[in-house]
Amino acid sequence: MKLNDLQPTQWTLARRAERMNPSVIREILKVTERPGIISFAGGLPSPKTFPVSEFRAACEKVLRDDGPAALQYAASEGYAPLREMVAAMLPWKVDASQVLITTGSQQGLDLVAKVLIDADSRILVETPTYLGALQAFTPMEPQVVSVASDAEGVDVEDLAAKAVGASPARFLYVLPNFQNPTGRTMSEARRAALSARSMEIGLPLIEDNPYGDLWFDAPPPLPLTARNPEGCVYLGSFSKVLAPGLRLGFIVAPKALYPKLLQAKQAADLHSPGFNQRMVAEVMKDGFLDRHVPTIRALYKSQRDAMLAALQREMQGLDVQWNTPDGGMFLWAKLPQGMDAVALLPKAVDRGVAFVPGAAFYAGEGDPRTVRLSFVTATCEQIDQGIAALAAAIREASTVQPAR
């Protein structure tokens, strides 16, 4: 038998694999690698905020004092001192035994999906919602239902209508603080109403809070989980306050749910890197975050202000709308009537600026006019240049595309 006579191997994909799709944002980021592109596309923290010298010192100390243990397999729950630090920094009573260290908060979403979603079960999300969560949930084959949302957050009446039924919704996934993609913050009144209604109908909440520490003028209201710890799973991250390359996040879960999340974690990767966990614990001791995070807030606020000023200056007469986020990394804009952000993107890139079309963030039919702009990785000068280029691209598109 000759090699050419052999039949090619046939790979049969699992049904869930067919539902996996590439990240729109990751594909756009490839474009931003071109020289000279000013990117408002990525949800990347500013490298200026990374405490490199502190991690250099922590690396040396961990290897010197605890090297063999740091480089060995470790407990799936996570490094005990780090779990205790997480429990202590949250604004409600949390036992360290409820904290599970994850390989980034994205893994937390994956574990929640594996433990709580069956094929065809119903889950609820905001409108719009975080694209990475949709990617984590979709392979489990749920029915993803969008709940109406406004500038204050989730519409509680629409939520209640969509949560109940012959097959009640498994959970609502929600980002109350400086939401990705919109940058909006759920008001205190809406949080109180959402928490009360979810308890009334028995709907679990998955609260994702990677940006909550990045407030500009005043901290956001109390987390939803603090109001009903037994009815919520809380996801947090070290990526936005320390460094994303460490790939560390955490879950705080009710004791009834924690064992299954732990088992899913064990099946996924045994444990998150013990060396990284020890470094983070070493850096965080002695109140480092209390000194470090305010410097991030100040930087991001100056960049947000620069983008707002540039939008006000450059978008005059263009019927472009945008919001004013109170923290976080993102601003949400809406293009003129009849314009499509996907069609606009190549024109913008030709002028040296990139953004993320907002339609990708909707579980259902997206609004083609919406745009997510990240303001934290560009300098104020680049923000001025980039928004001017974006305005020029919008003007160009407006002259060739009739309103509809």
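Each value in this text was obtained by applying a stated rule to the coordinates, not by laboratory testing. All figures in this text were calculated on a predicted structure; none of them were measured in a lab. Here the Cβ positions follow ideal geometry from the backbone for every residue, glycine too, while neighbour counts run over all protein chains shown.
Of the options Val376, Ala309, Ala360, report the single residue whose Cα projects farthest towards the positive end of the charge dipole of segment 279-404 (beta-carbon charges: Lys, Arg +1; Asp, Glu -1). Going by the charge dipole, the pick is Ala309.
Take the Cα of Asp305, step 7 Å toward its Cβ, do the same at Ala166, and the gap between the two points is 5.8 nm. Placing dummy labels 7 Å off each Cα toward the beta-carbon, the span from Ala256 to Leu318 is 5.1 nm.
Under a 5 Å amide H cut-off, with hydrogens placed 1.01 Å from N, Gln143 pairs with Asp120, Ser121, Arg122, Ile123 among residues at least 5 apart or on other chains. Placing +1 on the Cβ of every Lys and Arg and -1 on the Cβ of every Asp and Glu, with no other charges, gives segment 1-160 a dipole of roughly 760 debye about its Cα centre.
Sequentially through segment 203-219, phi angles give Karplus couplings (6.51, -1.76, 1.60; θ = phi - 60°) of 9, x, 10, 10, 9, 9, 9, x, 10, x, 7, 9, 7, 9, 10, 8, x Hz, Gly and Pro residues having no value and appearing as x. Highest mean packing comes first when the peptides 327-339, 289-301 are listed by Cβ atoms within 10 Å, giving 327-339, 289-301. Each Lys and Arg Cβ is given +1 and each Asp and Glu Cβ -1; about its Cα centre, segment 267-323 then shows a dipole of about 160 debye. Between Thr399 and Arg291, what FRET efficiency follows from the Cβ-Cβ distance if R0 is 45 Å, with the result rounded to 0.05? It comes out at approximately 0.30. About its Cα centre, the dipole of the chain is roughly 480 debye, where the only charges are +1 on Lys and Arg Cβ and -1 on Asp and Glu Cβ.
Selection among His292, Gln266, Ala136 by position relative to the dipole of the chain gives Gln266 as farthest towards the positive end (Cβ unit charges, Cα centre). Each residue of segment 2-156 gets 283 Å³ once the volume of the Cα convex hull is shared out per residue. Each label was represented as a point 7 Å from its Cα along the Cα-to-Cβ direction; for Val52 and Asp95 these points are 4.3 nm apart.
In the list (1) 35.3, 118; (2) 22.3, 75; (3) 21.1, 64, the label attached to Rg and Dmax of the Cα atoms in Å as derived from the coordinates here is (2).
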